[in-house]
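The values are calculated or read from the model by the stated rules, or taken from the named source; none is laboratory data. This is a predicted model, so every value here is computed, not measured. Note: ideal-geometry Cβ built from the backbone for every residue, glycine included; neighbour counts use all protein chains shown.
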């Protein structure tokens with residue numbers, strides 16, 4: 001393969017990660033995450049699927065205009081219209097890539113594409129050539145390569161490289177592979193394809209069997225030099241290979257891996273928190289690297305060992321991946337400039353002074369309620385400041401009665417299309433009463449699929465972050481609300497989800513589209 005001085009990290013949080021049900025992000029949210037990925041020194045940011053919607057196109061274009069330190073990539077099916085749209089979206093980028101794909105497994109070619117193998121090869125070659133007419137950096141993916149026949153993979157990849165593909169991606173699209181087998185597949189491809197030295201070989205593993213990271217590492221050991229992954233392992237179904245786990249596995253075990261990444265690991269935890277806050281997908285406490293318990297020791301034996309010599313039970317330093325004691329000096333007497341400076345350190349920048357003023361007002365209100373303000377609190381403030389803009393619905397006031405022996409009742413004043421309405425309802429609990437009161441006005445027709453509560457920080461005065469997942473007509477959205485009062489946070493989350501539903505527009509799924 002072409003010489004690479006490091007393992008290329010291709011982050012697809014903004015594309016494949018967004019395909020998680022309810023994880024759809026706004027353009028502004030995508031840009032915030034892209035800027036953090038740039039700080040991480042991610043090599044390639046897959047910003048979206050440009051032809052999927054106008055919103056996706058605008059997001060990819062906006063990221064291409066703003067990101068300078070990473071290559072900006074757009075996904076495209078092996079269709080002229082997809083490739084041309086992707087090229088248009090990434091045109092402003094200093095370094096742009098088109099990532100085109102077509103299915104190569106017998107089951108996909110027969111049932112999804114309804115094409116013969118010769119036709120698939122012909123279309124792959126045509127799409128790569130068209131992409132090369134726009135950019136020099138073209139990636140070609142064999143969708144469902146994990147279930148594809150090796151001889152056919154060799155044939156289509158050789159043709160794609162001859163047509164101009166500079167990166168060849170071998171995705172385990174359905175998470176079917178086993179590490180030993182997947183590593184051997186990569187080794188065979190590199191050995192058998194005559195022009196394999198003219199492209200960088202990449203892998204993209206899904207986590208359906210919990211083996212995405214293991215499969216990716218097996219591929220690296222066999223010669224793959226690009227790994228496609230997401231922050232927190234976000235992705236459709238069981239998710240993708242986790243960026244933080246891959247990077248730290250390679251970094252920690254340099255005795256086994258002859259190559260390292262360029263990732264600035266101290267930004268890993270902040271990136272994880274930002275993605276979790278924006279998508280509403282909480283990180284489980286025992287998640288490797290970024291979970292709250294990742295560097296916690298409760299066992300007395302472990303505590304004693306760590307105190308005597310850290311490496312007795314810790315193979316990584318917590319501070320190397322971004323963990324630190326982050327209590328802020330900021331408080332209710334802090335000024336706007338100090339607040340703005342800390343937000344900039346966290347990679348948060350508002351587009352308008354009005355947004356900053358609103359966030360500062362929220363910060364002051366929170367500082368009156370909490371003794372300590374944490375970075376997570378600021379990230380939540382920033383996210384929810386943006387989320388409440390331009391919504392059809394809004395919360396003005398609420399009063400909830402929850403008393404032993406009395407049926408809980410909620411009385412709310414809501415905004416709907418700029419007008420105030422008073423609503424009330426009873427329920428089995430204060431949250432149930434609140435949601436029923438909202439629905440008495442809205443009558444959304446939505447199904448509640450998830451109600452989840454997580455504390456943003458520790459302590460009884462911590463903000464609670466509530467995630468509400470609603471479904472209507474096959475469209476799934478996540479609403480997230482934060483407040484020191486869980487009932488208020490619940491109302492905010494439900495209203496945000498309703499606002500997302502009301503905006504309409506279903507994002508096209510690239511793997512579900514007809515080619």
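Summary table
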item: Any hit, region 134-147, residues being touching a helix residue (DSSP H, G or I) at 6+ places or on another chain (Cβ under 8 Å), more than 18 Å from residue 227 (Cα to Cα) and not in a loop (DSSP other than H, G, I, E, B); result: yes
item: Candidate set: region 443-470, residues that are buried (at least 16 other Cβ atoms within 10 Å of the Cβ) and in a loop (DSSP other than H, G, I, E, B); chosen: the one nearest to the chain's Cα centre (by Cα); result: 456
item: Residues satisfying the stated conditions in region 227-253, i.e. closer than 17 Å to residue 4 by Cα and buried (at least 24 other Cβ atoms within 10 Å of the Cβ); result: 227, 228, 247
item: Check on residue 151, in a helix (DSSP H, G or I) and either crowded, with 17+ Cβ neighbours inside 10 Å or free of Cβ contacts under 8 Å to residues at least 60 places away in the same chain (or both); result: yes
item: Test: residue in region 422-439 that is touching a residue at least 60 places away in the same chain (Cβ under 8 Å) and farther than 30 Å from residue 285 by Cβ; result: yes
item: Selected residue (only one of 289, 263 is outside the structural domain of residue 21 (by TED's automatic domain parsing), in contact with a strand residue (DSSP E or B) (Cβ under 9 Å, 6 or more places away or on another chain) and not in a helix (DSSP H, G or I)); result: 289
item: For residue 265: the one exception among (1) under 25 Å from residue 465 (Cβ atoms); (2) at pLDDT below 95; (3) under 23 Å from the mean Cα position of the chain (by Cα); result: (1)
item: Residues located in region 163-182, provided they are under 25 Å from the mean Cα position of the chain (by Cα) and either assigned to a strand (DSSP E or B) or farther than 12 Å from residue 214 by Cα (or both); result: 167, 168, 169, 170, 171, 172, 173, 174, 176
item: Output for region 411-439, where each listed residue is out of contact with any strand residue (DSSP E or B) (no Cβ under 6 Å at 6 or more places or on another chain) and not in a strand (DSSP E or B); result: 417, 418, 428, 431, 432, 435, 438, 439
